Amino acid sequence: MNICVISGEIQKQAVVRGKKTKALAFIVTTTHPANNGNGDTEADARISHVPCVIFSPSEDLEHLLTNEGAGKFVELQGRINGSRFEGPNGQERYNADIVVFKNTFRILNASAPQV
């Protein structure tokens, strides 16, 4: 099964890609403790920057995230979409995005329109 659950802060304003089928792309910064056994999990916390995309977003959500998205705390569920391609010098490269399930996207710190 390919499902992930993420909560965190949107790093910067979202970007709309595509014209026929719009894709709203944004980065969610998540923090998770790294318990190394010394009891100081906060000092050893890891930060991940997770690229996310919502296909065919509502106009309200598109407007909100492209104009006021930075700093919003969100939670979402989605599936990991990985790809492989040939980079410079013929090197194999990998990329992954979270394709958000629209009905699971929630803004936690604002009274804003939901998808």
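The values are calculated or read from the model by the stated rules, or taken from the named source; none is laboratory data. Nothing here was measured: the structure is a model prediction, and the numbers come from that model. Cβ placement follows ideal geometry from the backbone for every residue including glycine, while neighbour counts extend to all protein chains displayed.
Observations on the structure shown:
- Selection status of Val115, modelled with pLDDT under 90 and either exposed (fewer than 12 other Cβ atoms within 10 Å of the Cβ) or not acidic (Asp, Glu) (or both): yes
- Output for region 8-25, where each listed residue is touching a Gly at 6+ places or on another chain (Cβ under 6 Å) and either within 10 Å of Ser56 (Cβ to Cβ) or without any contact (Cβ under 8 Å) to a residue 60 or more places away in the chain (or both): Gln13, Ala14
- Contact annotation: residue pairs with Cβ atoms under 8 Å, 6 or more positions apart or on different chains, pairing a residue in region 77-93 that is in a loop (DSSP other than H, G, I, E, B) with a partner that is surrounded by 10 or more Cβ atoms within 10 Å (Cβ to Cβ), are Gly87/Arg93.
- Members of region 47-99 that are among the hydroxyl-bearing types (Ser, Thr, Tyr) and under 19 Å from Gly18 (Cα atoms): Ser56, Ser58, Thr66, Ser83
- Count of residues meeting criterion [more than 13 Å from the chain's Cα centre (by Cα) and not polar (S, T, N, Q)] in region 48-76: 8
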